[in-house]
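Working notes, structure below.
Coordinate-derived values only; no laboratory data. It should be emphasised that the depicted structure is a prediction, and the values quoted were computed from it without experimental measurement. In this analysis, Cβ positions are derived from the backbone assuming ideal geometry, glycine residues included, and neighbour counts consider all displayed protein chains.
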Amino acid sequence: MSAPPVVPASPIAGRQGNYAGGVTRLVAFAADVGASWGAFTLSLAGITFAIQLVTGTKIDLTQGRFSALFVVVAFVGWEFVYFAYQWALSGKTVGMALLGIRVVTTEGDAISGRQAVIRTVALPMSFLFFGLGFLGILLNKDRHAWHDRLARTVVVYSWDARAARLRWLARQDPVAPL
Amino acid sequence: MSPLPGGNRMEQLVESIAERVVGLVIEAIDINALVGKVDMDALLAKVDVDAIVSKVDVDGLIDRVDVEKIIDRVDVDKIVSRVDVDQIVERVDVEKIIERVDVEKIIQRVDIDALVEQTELGTIIARSTSGVASEALDLVRAQGVGLDDFVARWVNRVLRRSADDWPAGPPALVAALAVVETPSTQTGADR
């Protein structure tokens, strides 16, 4: 009879509610940029195809000054809706949900719609000066970026690492008591 | 009574003589030798068995037999216990039986859709798929948390500072989760 495998204690167990780190937030943001870009591009292609179908003339919305301006404004509006709506609704975007993090108030409560809007509008500010606004995520004790400070929000792990670890253990030995 | 006088006595005398004679004759005859001289084949050849059987009412005979009563009297357990099943099984040529079974025909008669519905195979597949997806997601998240810790540790090392006294998260949220789950032993140094 072989001895059960020794499973080392996970250092990430019980992190739910802790301030989220820079890498997780960066990956979540990249996933959101990809998702929002993909959705916008698909929508633009759909609109172009529909116009072409109805009018019979081939158009390119990225060509011409007016069309390009329209696309830029639409894109900015879409990005605003994408982030503000999701943060106001559940405190997390698609990318954040994938990585298991969420936005809460500095006290740990759900953020309001006003905070979601402020955070979305302030987000581009953190990109100024070569992304200086994001440095606070690495340096501050509460991992504040500029847009977090303005909206009085923080980002925490919502992912239940302990439950994930129990699921992993259950998969290793289905008959073993948890 | 005899009509002649003294007839009764005469009659009795004749009877006694006859009995005596018959007794003597029987004693004198060798029955076995007599039977041995009888041609049984010739005798049986003269018997019309079909005619005899045709006169027998077989249905009537069967009707009079109480089959249930006979079955009740049969001890099936005793009969079965005397049967050597292993010996019977050994004599069965299973390979030959299998060769004669048309598996293709049997499979064609199986209603796969009904089988899938009854076994909820779809649910099993869905559970398996969601399990794999959940596992992959846990892995990505765990990698992210691990890298967060790695970066935070190096930043603190470069800045020559200690994060032991730093809060792990929003105080109210950490306290609430600590009550719901087990008490957290995480400190800033772990981050």
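Summary of values
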item	result
In the stretch B:59-121, trypsin sites (Lys or Arg not before Pro) in a DSSP loop with at most 13 other beta-carbon atoms within 10 Å	B:64
Ascending count of other beta-carbon atoms within 10 Å, so fewest first, for A:96, A:125	A:125, A:96
Spherically averaged projected area in nm², based on the convex hull that wraps the Cα atoms of the stretch A:22-169	11.9
Crossing angle, helix A:22-55 versus chain A [Cα axis fit, 0-90 degrees, rounded to tens]	30
In the stretch B:7-92, lysine pairs closer than 28 Å at Cα, eight or more apart or cross-chain	4
For the stretch B:7-92, fraction of C-alpha pairs farther apart than 21 Å, in %	74
Relative contact order (%) - criterion: Cα under 8 Å, at least six apart; region: the stretch A:22-169	22
Residue B:97 paired with residue B:22, simple spin-label distance in nm, labels 7 Å along Cα-to-beta-carbon	6.9
